[in-house]
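Colleague: First the structure, which I've put down as structure tokens, then a few questions once you've had a look.
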């Protein structure tokens, strides 16, 4: 059954990273999030950014809010979507100039925007068995949830997509590597469910990329789904999970096969699609956003437009110096 949206009519939320404020110029740079909160400058900027982002979503009337992926560093082309977890995994050593197959498969060359992205990404090399590091998804969600009485959704990359940004020099095949990644991500989701996170949004399995390869078969796509589902198994408690799809790839897969939001319920080791998702896409609306830098003065405008904070929320926020 649906949990977060059960009693909502046409619930609204956003998908993607929120624009990073100009004044938020500190980054994690590979550090543990919990450790970085001991850095006074990062702590103040991070908490201010998350509070502002949530307040803007509340002012817009969204039912489900996010922290805007504020954990991500200010990097080229959304690099942190892949590299927030990669920088924290055990077994990843060194890097390569490009990801496998991207350049040849898409005919990338200097002057194309995806060439610039790939030049900046520098994929990691797996030379040992992958192990779980300080991803700390639960802690990230808890910081955001204490700032609002609305449900906070947490977004994360899926294991098959994460594997596409790794060079495998340890495992016999990529399938074994993906399964280890699934186990690592599953452990993070279990911790989030135990902490009380009501809604986890996971990137879709990369069918839109795999399906373009000439040797792709239905069996290959089924294996991808199987690996993707492994990351959702064994949840402690019950949380709702949505798997979002990249709508720009409708030309590869028919729109009717790509619901924008596919809700499933995690409960006692089982992954069950809701009755609604078996019949039609969920009615969640997604307002697309991208990580662009906000114009100067936008933070001041957002603060002026912000509604008064409830007393409980104000009491839970740490003291912050006033800024002009």
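The values are calculated or read from the model by the stated rules, or taken from the named source; none is laboratory data. Here the structure is a predicted model, which is why all the values come from computation and not from measurement. Every residue, glycine as well, gets a Cβ built from its backbone with ideal geometry; the counts of neighbours run over all protein chains shown.
Colleague: Which of the residues belonging to region 57-78 are surrounded by fewer than 20 Cβ atoms within 10 Å (Cβ to Cβ) and at negative phi?
Modeller: Across region 57-78, the qualifying residues are 58, 59, 60, 62, 63, 72, 73, 74, 75, 76.
Residues checked against (1) surrounded by 12 or more Cβ atoms within 10 Å (Cβ to Cβ); (2) modelled with pLDDT under 80:
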| site | (1), (2) |
| --- | --- |
| 86 | yes, no |
| 93 | yes, no |
| 96 | yes, no |
| 107 | no, yes |
| 114 | yes, yes |
| 123 | yes, no |
| 127 | yes, no |
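Colleague: Another question about this same structure. Suppose we filter region 2-41 for residues that are part of a loop (DSSP other than H, G, I, E, B), over 23 Å from the mean Cα position of the chain (by Cα), touching a residue at least 12 places away in the same chain (Cβ under 8 Å) and farther than 27 Å from residue 90 by Cα; how many remain?
Modeller: Count: 1.
Colleague: Report, by residue number, each residue of region 106-150 that is part of a helix (DSSP H, G or I) and more than 30 Å from residue 62 (Cβ to Cβ).
Modeller: 106, 114, 115, 116, 118, 119, 120, 121
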